[in-house]
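The structure under discussion appears below in the form of structure tokens.
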């Protein structure tokens, strides 16, 4: 077991929770840790799907190329999440994954991971359950967000970023947004003007202070109440 495994958020997740020490050791032989710098590409749309990734620390965005030459953020991944699972069934990645912060990420080749699943049918069954739960989670998330107004959406995203920290940040909670206003508007399906107005409103209410990409949350409880979490 590698030095990162003891506190690995991936191993604490639904898929690998409850593995024996022997299974974790075998999994550690399949997944290999690598450090990535901000803005590095893990895999790109149309590229050969050869690896599955497990996010240990940091943030990763997944984007889709649009016909006008621009990219659209389709998902943001936080520590503990898997990505590149398309490699298990597709020959090419349908999306591009880019690091938003310095990250620690473990990767496994498709062949090695499939061999591991064949040798561990209980985990393979867990993978099926995990994928079903992921579909349900994403469907629920989409439904929930569709009923949220702009304030609720922005508050939800900010809380997700605060809680993604590997260690609890000191109060007041301060973070550097990994997204521009335009990117936030894409993620939340709002206009950039609405995002800016919402952040300004929260600042005037002394809930937070937003200057550029630096956000300081002064009242985390009010932010949670706004997000209705």
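Report, please, the projected area of the chain averaged over directions, based on the convex hull of its C-alpha atoms, in nm². Spell out each step's value before the answer.
Details: hull surface 52.5 nm².
The orientation-averaged projected area of the Cα hull of the chain comes to 13.1 nm².
With an 8 Å cut-off on Cα pairs and a minimum separation of 6 or more residues, tell me the relative contact order of region 21-144 in percent.
Details: 223 pairs, mean separation 42.5, N = 124.
After rounding, I find 34 percent.
For the chain, take the longest principal axis of its alpha carbons; what is the angle in degrees between that and the long axis of helix 110-119, to the nearest 10 within 0 to 90?
Once rounded, the angle reads 60 degrees.
Measure nothing fancy, just the Cα-based angle from helix 121-146's long axis to the longest principal axis of the chain, in degrees from 0 to 90, nearest 10.
20 degrees
Between residue 25 and residue 160, what FRET efficiency follows from the Cβ-Cβ distance if R0 is 30 Å, with the result rounded to 0.05?
Working: r = 32 Å, r/R0 = 1.08.
That pair, residue 25 with residue 160, gives E of 0.40.
What residue among 33, 192, 121 has the largest mean-square fluctuation in a Gaussian network model of the chain, using Cα springs under 10 Å?
The residue with the greatest mean-square fluctuation here is 121.
What FRET efficiency comes out for residue 44 versus residue 129 if R0 is 35 angstrom and r is the Cβ-Cβ distance? Round to the nearest 0.05.
Details: r = 30 Å, r/R0 = 0.85.
With R0 = 35 Å, the Cβ-Cβ based efficiency is 0.75.
Stretch residue 17-residue 88 to full length: gain in nm at 0.36 nm per residue minus the Cα-Cα span?
My answer for the length gained is 23.5 nm.
Using Cα pairs under 8 angstrom and six or more residues apart, how large is the relative contact order of the chain, in percent? Could you put the intermediate results ahead of the total?
Working: 355 pairs, mean separation 43.8, N = 229.
Normalised by residue count, the contact order of the chain is 19 percent.
For region 168-229, what does the relative contact order come out to in percent, with C-alpha contacts under 8 Å and a separation of six or more?
It rounds to 37 percent for region 168-229.
Restricting to the chain, compute how many DSSP beta bridges are antiparallel as a %, nearest 5. Each step should come with its number before you reach the end.
Details: 34 of 34 bridges.
Here the share of antiparallel DSSP bridges comes out near 100 percent.
For region 21-144, what Kirkwood radius comes out of the mean inverse Cα-Cα distance, in Å?
In region 21-144 this quantity evaluates to 15.3 Å.
In what order do 174, 20 fall by count of nearby beta-carbon atoms within 10 Å, going from fewest to most?
Ranked by crowding around the Cβ, least crowded first: 20, 174.
Report, in degrees rounded to the nearest 10, the 0 to 90 angle that the Cα long axis of helix 21-30 makes with the longest principal axis of the chain.
With rounding to tens, the tilt is 80 degrees.
Can you tell which of 44, 113, 179 shows the greatest fluctuation in a Gaussian network model of the chain with Cα springs below 10 Å?
179
Pick out which of 61, 70, 153 has the largest mean-square fluctuation in a Gaussian network model of the chain, springs linking Cα atoms closer than 10 Å.
Greatest mean-square fluctuation among the candidates belongs to 70.
Pop the C-beta distance of residue 32 and residue 102 into the FRET formula with R0 = 25 Å and round what comes out to the nearest 0.05.
Working: r = 18 Å, r/R0 = 0.71.
FRET efficiency, residue 32 to residue 102: 0.90.
Extension gain residue 201-residue 171, at 0.36 nm per residue separation less the Cα-Cα distance, in nm?
Extending this stretch completely gives an extra 8.7 nm.
Read-outs: derived from the displayed coordinates by stated rules, not from any lab. Remember, it's a predicted structure, so these values are computed and weren't measured experimentally. Note that we place each Cβ from the backbone using ideal geometry, even for glycine, and neighbour counts take in every protein chain shown.
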